[in-house]
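Notes for the one structure printed next.
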Amino acid sequence: MLTLRPGEHGSTYGGNPLACKVATAALEVLRDEGLSENSMARGKQLRAGISTLVGNTSIKSVRGRGLLNAIIIDQPKGSYGDTGKAWDVCLRMKENGLLAKPTHGNIIRFAPPLTISEGEIDECLDIIEKSVIQVG
């Protein structure tokens, strides 16, 4: 059996002073710039906007927390790498200026940056609506 003994394994981020200082600075940016609060507010804005499309388009539902969100498209769930209508919507969104990741053939994931603004979310919502309608 392969086992590690003392001194055989190290880590680039194993508590050295520089890594600790960088981690502290990153946490300070998250706190000082209110990125957690922005994530929650922009996520609610995104889900609320997408919710208006449920029932009027091929979007069955929206789910998520903060800025990690997904929409479910009205087709049967497939396997992880399956393409389907979600893939087609993602291709159309790309053409319209928004990148997102499809999965399981019927799910589209959204993971925008923590710094995204209210206006940028509105722009995303316009692109999502336009793209879903174009695909049908």
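Taken along the Cα-to-beta-carbon direction at a fixed 7 Å, the label points for Lys94 and Thr52 span 2.8 nm.
Take the Cβ-Cβ distance between Met40 and Leu4 as r, set R0 to 35 Å, and report the resulting FRET efficiency rounded to the nearest 0.05. Given R0 = 35 Å and the Cβ-Cβ separation, E is 0.30. Note on the chain: Lys pairs 8 or more places apart or on different chains, Cα atoms under 24 Å apart, count 18.
Among Asn96, Asn56, Asn106, which one shows the biggest mean-square fluctuation in a GNM of the chain, springs joining Cα atoms closer than 10 Å? Fluctuation is largest for Asn56.
Backbone amide hydrogens, once placed in the peptide plane, bring Ser61 within less than 5 Å of Ile72, excluding anything fewer than 5 places away on its chain. D by Stokes-Einstein for the chain, Kirkwood Rh over Cα pairs, 10 °C, 1.306 mPa s: 93 µm²/s.
Return the calculated 222 nm mean residue ellipticity for the chain, to the nearest 500 deg cm²/dmol, obtained by summing -39500 (n - 2.57) across DSSP H runs with n ≥ 4 and dividing by the residue count.
Values: 4 runs with 63 residues, N = 136.
After summing the helix terms and dividing by the residues of the chain, the value is -15500 deg cm²/dmol.
Write out the trypsin sites (Lys or Arg not before Pro) in the stretch 31-136 meeting two conditions: DSSP loop, and at most 15 other Cβ atoms within 10 Å of their Cβ. Don't skip to the end; give the middle numbers.
Values: sites: Arg31, Arg42, Lys44, Arg47, Lys60, Arg63, Arg65, Lys77, Lys85, Arg92, Lys94, Arg109, Lys130; in loops: Lys77.
For trypsin sites (Lys or Arg not before Pro) across the stretch 31-136 that sit outside H, G, I, E and B with at most 15 neighbouring Cβ atoms in 10 Å, the list reads Lys77.
Accessible surface for the stretch 30-130, divided over its residues, is 56 Å² per residue with a 1.4 Å probe.
Within the accessible area of the chain, the carbon and sulfur atoms contribute 56%, probe 1.4 Å, all protein chains present.
The values are calculated or read from the model by the stated rules, or taken from the named source; none is laboratory data. What you are looking at is a predicted structure, and each value in this text was computed from that prediction instead of being measured. Cβ sites come from the backbone with ideal geometry, for glycine too, and all protein chains shown count toward neighbours. Calculation scope for accessible area: heavy atoms of the full protein, side chains included, ligands and nucleic acids excluded. Shrake-Rupley method; radii C 1.70, N 1.55, O 1.52, S 1.80 Å.
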